[in-house]
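Shown next, in structure tokens, is the structure this report addresses.
The values are calculated or read from the model by the stated rules, or taken from the named source; none is laboratory data. Everything numeric in this text was worked out from a predicted model, so none of it was measured. We place every Cβ from the backbone using ideal geometry, glycine too, and count neighbours over all the protein chains shown. Each accessible area value is taken on the protein alone, full model and side chains, heavy atoms only, with ligands, DNA and RNA left out. Shrake-Rupley method; radii C 1.70, N 1.55, O 1.52, S 1.80 Å.
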Amino acid sequence: MLRLDTRFLPDFPEALKAHAPLLEEARRSLLAKRKTPGSMLGFLDLPEDTETLREIRRYREANPWVEDFVLIGIGGSALGPKALEAAFNESGVRFHYVDHVEPEPVIKLLRALDPRKTLVNVVSKSGTTAETLAGLLIFLDWLKGALGEAWRRHLVVTTDPEAGPLRALAAREGLRAFAIPKEVGGRFSVLSPVGLLPLAFAGADLEALLMGARKANETALAPVEESLPLKTALLLHLHRHLPVHVFMVYSERLKYLPQWFVQLHDESLGKRDKEGNRVGTTALPALGPQDQHAQVQLFREGPLDKLLALVVPESPLEDLRIPPAEGLEAASYLFGKTLFGLLRAEAEATYQALAEAGQRVYALYLSQVSPYAVGWLLQHLVWQTAFLGELWGVNAFDQPGVELGKRLTRAFLEAWK
């Protein structure tokens, strides 16, 4: 399960009551757009798409030979799959992410892979992303050179259901292709084939992941006082004057989740509103307890310009007891305790210390780092982002500020001949 804790924000219950009409209107406004083409609210339906789940499972079962899985994609096409695969890979399949264009790591990867045992998944909704196309061209040449006509079995495409260069390539060459629904944007696509296909090869429990996401849908539509996404959206809305939103996860298995959240939050909400005002807060990723030794000094004694969210598991799947040792009496307070007990104590200590220092901080407690709980968390954060778009008067589903950089990149490349 997912539980919100606001013990150090004693003013929040009254604020929730006072802002209930505003939150109801934000939800009503969002849901009213659901049937409008181009509203990009398809994320609502992803947890219910059992047919796509069956197709992905059949594809996985038909390809037991895969030992290395290469995902070529960037941004929303890679951050979500990377976060979930790192947490739940039980299969032994090795995963590699070509989500960059630095040549040396790509060369090193190509030299290490056996093409006969490698599946390459190229992921792009538009099929026109420069970094993804560059990676595809390199790996396509590598597969053809090593495997001849057998290369097609080793390339699978995840893209728009009808249009774009990748869809055309798949049709021309007879490649297996999975569709990202028309009404689902890249950074909202982790529960589509973008994330589910890699996770199938990782051996993750996809049914539990989607079941958790369905629970998030249920809570999003609950009365205001019970709706977790409306509550956390209100927390961010009330603190929108604080420019930094820290997202700190106390789980090594979820170490890539903050990076996924940063894109979701920043690219969705850093916009100009209807009056032309610049709005948005800057999401900052953090990992506990490592960042207790890196960033927390700043969080405690630096500027009071942050709203901090701590994501803390409440119980482990397994634990490890810390044994005593003669000559290390300085560590006697650890004797007989467990690693998870230490992790939880550090999270609670940081939570209290930040509050005592005057920072605004709340916690989201996960029952465990399990597919069900994490599926709930992911979909919860997507709902939170969508609600904030309504509260802040911006379209959370476009990214006009990204397009200029793409155009300039292409112009530079065409000029460098």
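Quick one: is Leu343 part of a loop (DSSP other than H, G, I, E, B), out of contact with any strand residue (DSSP E or B) (no Cβ under 7 Å at 6 or more places or on another chain), within 28 Å of Ala87 (Cα to Cα) and touching a residue at least 40 places away in the same chain (Cβ under 8 Å)?
On the way: part of a loop (DSSP other than H, G, I, E, B): no; out of contact with any strand residue (DSSP E or B) (no Cβ under 7 Å at 6 or more places or on another chain): yes; within 28 Å of Ala87 (Cα to Cα): yes; touching a residue at least 40 places away in the same chain (Cβ under 8 Å): yes.
So Leu343 does not fit the description; no.
Going through the range 279-308 one residue at a time, which ones are in a strand (DSSP E or B) and of a type outside the set (Ser, Thr, Tyr)?
First, pick out the residues of the range 279-308 that are in a strand (DSSP E or B): 279, 282-287, 306-308.
If the condition is that a residue be in a strand (DSSP E or B) and of a type outside the set (Ser, Thr, Tyr), then Val279, Ala283, Leu284, Pro285, Ala286, Leu287, Lys306, Leu307, Leu308 are the ones that fit.
Do any residues in the range 201-213 that are within 15 Å of Val369 (Cα to Cα) have Cβ atoms under 6 Å from those of residues that are open to solvent by 40 Å² or more (accessible area, probe 1.4 Å) and of a type outside the set (A, V, I, L, M, F, W, C), where the two are at least six apart or on different chains, and which pairs are they?
Partner pairs satisfying both residue conditions: Ala208/Tyr372; Met211/Tyr372; Gly212/Tyr372.
Kindly evaluate Ala32 against the criterion of being open to solvent by 30 Å² or more (accessible area, probe 1.4 Å), farther than 24 Å from Trp142 by Cα, at pLDDT 95 or above and under 20 Å from the mean Cα position of the chain (by Cα).
Values: open to solvent by 30 Å² or more (accessible area, probe 1.4 Å): yes; farther than 24 Å from Trp142 by Cα: yes; at pLDDT 95 or above: yes; under 20 Å from the mean Cα position of the chain (by Cα): no.
Answer is no for this residue.
Tell me, which residue of the range 51-89 that is more than 14 Å from Phe201 (Cα to Cα) and part of a helix (DSSP H, G or I) is nearest to the chain's Cα centre (by Cα)?
First, pick out the residues of the range 51-89 that are more than 14 Å from Phe201 (Cα to Cα): 51-52, 72-80, 83.
Among the residues that remain, those that are also part of a helix (DSSP H, G or I) are: 51-52, 75-77, 79-80, 83.
Details: Glu51: 23, Thr52: 20, Gly75: 10, Gly76: 8, Ser77: 10, Leu79: 6, Gly80: 4, Ala83: 6 Å.
For the range 51-89, the residue satisfying everything is Gly80.
So, in the range 351-374, how many residues would count as being under 30 Å from Leu191 (Cβ atoms) and in a helix (DSSP H, G or I)?
The qualifying residues number 5.
Every residue, every condition in (1) open to solvent by 30 Å² or more (accessible area, probe 1.4 Å); (2) touching a residue at least 40 places away in the same chain (Cβ under 8 Å); (3) more than 17 Å from Leu137 (Cα to Cα), yes or no:
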residue: Tyr59; (1), (2), (3): no, yes, yes
residue: Val66; (1), (2), (3): no, yes, yes
residue: Leu71; (1), (2), (3): no, yes, no
residue: Gly76; (1), (2), (3): no, yes, yes
residue: Gly80; (1), (2), (3): no, yes, yes
residue: Asn89; (1), (2), (3): yes, yes, yes
residue: His96; (1), (2), (3): yes, no, no
residue: Glu102; (1), (2), (3): yes, no, no
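Which residue is modelled with the highest pLDDT, if the candidates are limited to the range 147-193 and must be surrounded by 15 or more Cβ atoms within 10 Å (Cβ to Cβ) and either on the phi > 0 side of the Ramachandran plot or in contact with a His (Cβ under 9 Å, 6 or more places away or on another chain) (or both)?
Within the range 147-193, the match that is modelled with the highest pLDDT is Leu147.
Is it true that some residue in the range 256-278 is touching a residue at least 40 places away in the same chain (Cβ under 8 Å), farther than 25 Å from Glu90 by Cα and part of a strand (DSSP E or B)?
Filtering the range 256-278 for residues touching a residue at least 40 places away in the same chain (Cβ under 8 Å) gives 256-257, 259-261, 263-265, 267-275.
Then drop every residue that is not farther than 25 Å from Glu90 by Cα, which leaves 263-265, 267-275.
Narrowing the set further to residues that are part of a strand (DSSP E or B) leaves 271-272.
Within the range 256-278, one or more residues are touching a residue at least 40 places away in the same chain (Cβ under 8 Å), farther than 25 Å from Glu90 by Cα and part of a strand (DSSP E or B).
Sort out which residues of the range 375-417 are open to solvent by 70 Å² or more (accessible area, probe 1.4 Å), among the hydrophobic types (A, V, I, L, M, F, W, C) and part of a helix (DSSP H, G or I), and write them in order of number.
Leu404, Leu408, Phe412, Leu413, Ala415
Look through Leu137, Leu133 and report the one residue that is surrounded by fewer than 18 Cβ atoms within 10 Å (Cβ to Cβ), under 23 Å from the mean Cα position of the chain (by Cα) and modelled with pLDDT of 95 or more. Walk me through how you get there before you give the answer.
On the way: Leu137 fails: under 23 Å from the mean Cα position of the chain (by Cα).
That would be Leu133, the only listed residue that is surrounded by fewer than 18 Cβ atoms within 10 Å (Cβ to Cβ), under 23 Å from the mean Cα position of the chain (by Cα) and modelled with pLDDT of 95 or more.
Could you list, ordered by first residue, the pairs with Cβ atoms under 9 Å in which the first is in the range 123-141 and in a strand (DSSP E or B) and the second is of a type in the set (A, V, I, L, M) and open to solvent by 10 Å² or more (accessible area, probe 1.4 Å), at least 6 apart or interchain?
Close Cβ pairs satisfying both conditions: Val123/Ile74.
Can you name the residue in the range 205-222 that is open to solvent by 60 Å² or more (accessible area, probe 1.4 Å) and over 26 Å from Ala86 (Cβ atoms) and is also nearest to the chain's Cα centre (by Cα) among such residues?
Selected residue: Glu218.
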